[in-house]
Amino acid sequence: MNIVISNTSDKPIYQQMFEQISAQIIKGELTRDFCLPPIRTVAKELRISVITVKKAWEELERQGFIYTMVGKGCFVAPLLPDELGSKRNVLAYEKLKKDIEYYKVLGLSLSDILDLIKRCY
């Protein structure tokens, strides 16, 4: 499990963690039943609050990426390939939806947005 925190990002740290871990699960880098490190260990290694890590873990669990076994820890959920694809599409859709709203505020047309996406991709 690899997490890189940016203190200059406008995203909250828990959100950065959620996005990185969920992406690692979707891409198969973290496989079913993989045991996530304890919250306190992650907080200490990243030099962040235990509360921040807990919030990231709670969001991962709320969205079905991990499950908790009391007294044993948090583990990657046993998701089927179709479920992982569905979760990937939902996350991408939500992110793109927010970005497109901003581009509309800037006055970009659909054609302009598509051109930008093609150049960036």
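List of remarks:
- Only a single item in (1) over 26 Å from E83 (Cα atoms); (2) in a helix (DSSP H, G or I) is not met by M17, and it is number (1).
- If the condition is being in a helix (DSSP H, G or I) and either touching a helix residue (DSSP H, G or I) at 6+ places or on another chain (Cβ under 9 Å) or closer than 16 Å to K11 by Cα (or both), then the stretch 45-73 contributes L46, V50, I51, T52, V53, K54, K55, A56, W57, E58, E59, L60.
- L91 touching a residue at least 60 places away in the same chain (Cβ under 8 Å) and either surrounded by 10 or more Cβ atoms within 10 Å (Cβ to Cβ) or among the aliphatic types (A, V, I, L, M) (or both): yes
- For the stretch 24-44, filtering for residues that are touching a residue at least 40 places away in the same chain (Cβ under 8 Å) and part of a helix (DSSP H, G or I) leaves 2.
- Residues (surrounded by fewer than 15 Cβ atoms within 10 Å (Cβ to Cβ) and either of a type in the set (A, V, I, L, M, F, W, C) or assigned to a helix (DSSP H, G or I) (or both)) located in the stretch 74-88: L80, P81, D82, E83, G85, S86
- Every residue from the stretch 94-110 that is surrounded by fewer than 12 Cβ atoms within 10 Å (Cβ to Cβ) and of a type in the set (S, T, Y): Y102, S109
- Among the numbered conditions (1) at pLDDT 95 or above; (2) surrounded by fewer than 12 Cβ atoms within 10 Å (Cβ to Cβ), the only one that Y67 does not meet is (2).
- Among the residues here, D99 does not qualify as at pLDDT 95 or above, of a type in the set (D, E) and either touching a helix residue (DSSP H, G or I) at 6+ places or on another chain (Cβ under 9 Å) or assigned by TED's automatic domain parsing to the domain that holds I13 (or both).
The values are calculated or read from the model by the stated rules, or taken from the named source; none is laboratory data. Quick caveat, the model's predicted, so the values are computed rather than measured. Using ideal geometry, Cβ is built from the backbone for each residue, glycine included, and neighbour counts are taken over all protein chains shown.
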